[in-house]
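What follows draws every value from the coordinates through simple rules; no lab data is involved. Just so it is clear, the structure is predicted and the values come from calculations on it, not from any experiment. Cβ placement follows ideal geometry from the backbone for every residue including glycine, while neighbour counts extend to all protein chains displayed.
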Amino acid sequence: TKWVYTFGDGAAEGQAGDKNLLGGKGANLAEMCRLGLPVPPGFTITTEACNWFYANGRAYPEALSAEVSLALDHIAGLTGRKLGDPVRLLLVSVRSGARASMPGMMDTVLNLGLNDRTVEVLAADSGDARFAYDSYRRFIQMFSNVVLGVDHEVFEEILEDEKAQRGFELDTELSADDWRAVIGLYKAKVEEELGNPFPQDPQEQLWGAIGAVFSSWMNARAVTYRRLHDIPEGWGTAVNIQAMVFGNMGDTSATGVAFTRNPSTGQRALYGEFLVNAQGEDVVAGIRTPQNITEAARIDAGSDRPSLEKIMPEAFASFVEISDRLEKHYRDMQDLEFTIERGKLWMLQTRSGKRTAKAALKMAVDMAAEGLISREEAVGRIDPASLDQLLHPTIDPKAPRDIVAVGLPASPGAATGEIVFSSHDAEEMKALGKKVILVRIETSPEDIHGMHAAEGILTTRGGMTSHAAVVARGMGKPCVSGAGSLRVDYRSGTLMAMGSTFRKGDVITIDGSNGQVLKGAVPMLQPELSGDFAAVMEWADAIRRMNVRTNAETPADARMARSFGAEGIGLCRTEHMFFDGERIVAMREMILADTEQGRRSALDKLLPMQRSDFVELFEIMAGLPVTIRLLDPPLHEFLPKSDEEIEEVAAVMAVSADKLRQRTEALHEFNPMLGHRGCRLAISYPEIAEMQARAIFEAAVEAGRRTGKPVVPEVMVPLVGLKKELDFVKARIDAVAAAVMKESGETIDYLTGTMIELPRAAVRAHVIAETAEFFSFGTNDLTQTAFGISRDDAASFLETYRQKGIVDQDPFVSLDLDGVGELVKLAAEKGRATRPGIKLGICGEHGGDPASIRFCEQVGLDYVSCSPYRVPIARLAAAQAAV
Ligand code: ADP
Ligand code: MG
Ligand code: MG
């Protein structure tokens, strides 16, 4: 096996297609070299070496050290520089890089190779002692933190003290001698903490850093990130070792990050930030607030600090040219890292940039119009799950705004919540069911948990590419960053803004689309599909094969789903219709009646209410298919619980409260999920199913007359395991249908079918299909019954399962393809064998999950049905699955 791939000076052993082996960073560094771009030479140790490392008790493959030596010779051949050399000194960065980018999750060490001796070489070579010592102290800090495990705050404290003593504000004010003093204190501190001096041998440093990058694959931050983004542990990370270039060599040097288009809006204009006389992560870490790259962006932002375009016009011009080239080459928006060393531009990274959903849509539509990509590719470019962001509310433009500060519009959408100042508090409050805004000076990877728990994130420091901004955009959470006029005091737990003071628990609103921070809660507007969104949806609709329906029972949901493009209702859960006001009383009366007669008289009260529900739904759906599920949950869910409720029902029924209590107890079940529910109810109490069927058919006649569009209801019998169960219920339904047709003198086309939600039903689907005219896969229950777990109780141990690597994903979120999926596939095949053309759909939560939708396409289902807000996601995912 070859463990090391070199790159540099117009050539490389790897290329962009080698992401699995070289990681995204390594593969793209190689590709940029092949394109002849200025990239400091280096080499990549493969992800296979990382996997070998973990498979062998954190040891290295034997051949690795020789390959690394040769690769260092390769750098020496191109630069004339060597690690530890007394004249032509080589310093390197050691950078992690997995297949998928994991921003800020992994650790990087810069300036490796510096020690008490080589720092003098660097000073002499560069003619700049301040620069040399600045680089050395950065190295000690990073190496000690990443490789030796020393908390970086101990260094911050030393530096803050030294600056305070000298009356300095900025790091750049420190002279060579000041840095020398800081370095002395740093080294003493490391020795105090570890009992060993800071390592001086460059080889020891190098291998320490390689081991640390491999080890960082398993650090808590990385593990959390992988879990949140479904990145398999088995991918491993590559290590990139690359000759250093220096953005901290004085005022003709700089470092920056940029996007070839605006990652927030999608606007076609180079967008980025830089810092003069700075290195590496200074921009991202938000240590100083960075400057705009282009004049246009500077003017837009109203900044009085000069742009790169202005102060380094030549480096800027070559950067513009290179970014154009990279965007055309990769045919996608690129996220770039660069450094300018004494006026010379170096490229350090390119990758397809993360973007907001809004920007993704605009870029896809623009790039299709520019001819850069096809419409199909444009549809493929949008992450369906990300559309969720656009389906979030925005602040009503007519609402009064009490603006207390304005920061950067780091991630769009608006959010209201109570202030918390720590990630810990964010999680705790969220667990109590509160909505919170996480307010921090800046965020770090340790805050991922809190950011997840929060509705939105507000920081007082850092730019559009700060940690908070990048991570929030990735999560689709509103974020305002760098709101510099705010003062956060963690100790006293206060946020000061223009004279007013906010405390933990006070409500604020942030608008991530314009950077505003507002006092209190503000009215929000619901999202609409228009512009780029509508265009992409239209293209998606032209591509997809499956229909997309919605799960809805209220008129409001049904209307919303229609406006999002739903093509019918795949699941109308009738039980939800019985909880309102007088209905629940009639329902309880029905359940608690001892006799069929008693039940029928209560059902008579429910019939007109139920009928009017259906008329409204049918009208909204105007001829589109509507699947109505007969009553499903165990009856005890409707029972009165408090004494008051019991007395109310007792009065209506004219029986004693005690008698009712007895009946209530009699209905108690130990495992209601596996109890008296679904079609079992219809078999015990056929009059319930008959009432529902009558309501459906009468409503179909009425709505058909009103809209002029015939309604074809699909009556769905839940929890069938035996064909005879379905036969029994279907006979009642058919009898009611015949009666209603006779009474109304109209013919009603309807289908009777069942949910497939028991393994037995899946296995016997060929027999059940003799009666069933359609199947709808109820994958929530099918997952419960296939695994033998209850959704309500599984959360605790499923989390443990995930942590221990037993399952990758929550099977209630993404369909378990191997098990539950296999049952779906089997039932679909068996159903079709008996009844070719049997209508097949899915109505579990999975109907809105893109990975599950892909599976539904493969199995050849006719439609997926999901909650209204997920309809656009499903439309897009169905299109992507069809390609
Ligand atoms: P991340 O994946 O967190 O962005 P990187 O490996 O890209 O980590 O490096 C962190 C920072 O250090 C980036 O700003 C990068 O541009 C900079 N950097 C990495 N290698 C070099 C190098 N050889 N010379 C100068 N700067 C570097
Ligand atoms: Mg990093
Ligand atoms: Mg980077």
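Taking the Cβ of each residue in 270, 815, 751 as the centre, tally the other Cβ atoms inside 10 Å and list the residues starting with the fewest.
751, 270, 815
Convert each backbone phi in region 405-414 into a coupling constant with the Karplus relation 6.51 cos²θ - 1.76 cosθ + 1.60 (shift: θ = phi - 60°), then list the ³J(HN,Hα) values in order as whole Hz, x for Gly and Pro.
Listing the rounded values in order: 6, 10, x, 8, x, 7, 7, x, x, 10 Hz.
What is the packing order of peptides 318-326, 436-444, 780-788, 173-181, taking the mean over residues of other C-beta atoms within 10 Å and listing the highest first? Show your work: numbers first, answer last.
Numbers: 318-326: 18.4, 436-444: 23.7, 780-788: 20.1, 173-181: 16.9.
Descending mean neighbour count gives 436-444, 780-788, 318-326, 173-181.
With just the Cα atoms defining each centre, how far is region 628-659 from region 550-581? Give it in Å.
Result: 25 Å between the Cα centres.
At a Cα cut-off below 18 Å, give the lysines reachable from residue 723, other chains included and same-chain residues fewer than 8 away excluded.
830, 839
List the residues, sorted by chain then number, that are 5 or more residues from residue 349 or on another chain and whose placed amide H is less than 5 Å from its amide H.
Result for residue 349 returns 337.
Can you list the aspartates and glutamates whose alpha carbon sits under 20 Å from that of residue 724, skipping same-chain ones fewer than 8 residues off?
632, 687, 690, 714, 734, 757, 770, 773
How high is the FRET efficiency between residue 582 and residue 305 when r is their beta carbon distance and R₀ equals 51 Å, given to the nearest 0.05?
Efficiency, rounded to the nearest 0.05: 0.15.
With Cβ to Cβ distances under 14 Å as the rule, what net charge do the other residues near residue 879 carry (K, R +1; D, E -1)?
Counting the neighbours of residue 879, the net charge comes to -1.
Starting with the highest mean, order 258-266, 426-434 by the number of other Cβ atoms within 10 Å, averaged over the residues of each peptide.
258-266, 426-434
Take peptides 821-834, 864-877 and line them up by average Cβ neighbours within 10 Å, highest first, as a rough protection proxy.
Order by mean packing, descending: 864-877, 821-834.
What order do you get for 116, 425 when you list them from fewest to most C-beta neighbours inside 10 Å?
In order of increasing Cβ crowding within 10 Å: 116, 425.
Once you sort the root eigenvalues of the Cα gyration tensor of region 254-355 as a ≥ b ≥ c, which label holds: rounded (a/c under 1.5), prolate (a/b larger than b/c) or oblate (the other case)?
rounded
By counting other Cβ atoms within 10 Å of each Cβ, how are 859, 283, 182 ranked from fewest to most?
Starting with the residue having the fewest Cβ neighbours, the order is 859, 182, 283.
In the chain, which helices (entire DSSP H runs) extend 30 Å or more along their own long axis, judged by Cα positions, while averaging at least -1.0 on the Kyte-Doolittle scale?
Length and hydropathy pass: 596-621, 686-707, 723-744.
With n ≥ 4 as the cut-off for DSSP H runs, can you work out [θ] at 222 nm for the chain, using -39500 (n - 2.57) per run divided by the number of residues, rounded to the nearest 500?
Calculated from helices alone, the mean residue ellipticity at 222 nm is -14000 deg cm²/dmol.
Using the Karplus equation 6.51 cos²θ - 1.76 cosθ + 1.60 (θ = phi - 60°), what ³J(HN,Hα) coupling, rounded to whole Hz, does each residue of region 573-578 give in order, writing x for Gly and Pro?
Along region 573-578, the couplings run 8, 5, 4, 4, 7, 9 Hz.
Anything over 19 Å Cα to Cα? Flag those among 398/434; 328/477; 25/804; 25/354; 358/477; 163/344, in the order listed.
Result: 398/434; 328/477; 25/804; 163/344 exceed 19 Å.
What percent do you get for the relative contact order of region 589-668 when only Cα pairs under 8 Å and 6+ apart count? Walk me through the numbers on the way to the answer.
Details: 34 pairs, mean separation 24.7, N = 80.
That works out to 31 percent.
Contour minus end-to-end for residue 810 and residue 673, with contour as 0.36 nm per residue of separation and end-to-end as the Cα-Cα distance? Mind showing how you got there, number by number?
Details: separation 137, 0.36 × 137 = 49.32 nm, distance 1.95 nm.
In short, 47.4 nm is gained.
Given contacts defined as C-alpha pairs under 8 Å and at least six residues apart, what's the relative contact order of the chain, whole-number percent? Walk me through the numbers on the way to the answer.
Working: 1861 pairs, mean separation 74.5, N = 883.
After rounding, I find 8 percent.
As I understand it, the dipole of the chain uses +1 on the Cβ of Lys and Arg and -1 on the Cβ of Asp and Glu, about the Cα centre. Which of 741, 472, 531 lies farthest toward its positive end?
741
Kirkwood Rh, Cα Rg: Rg to Rh for the chain? Working shown, then result.
Values: Rg = 32.2 Å, Rh = 30.8 Å.
Result: Rg/Rh = 1.05.
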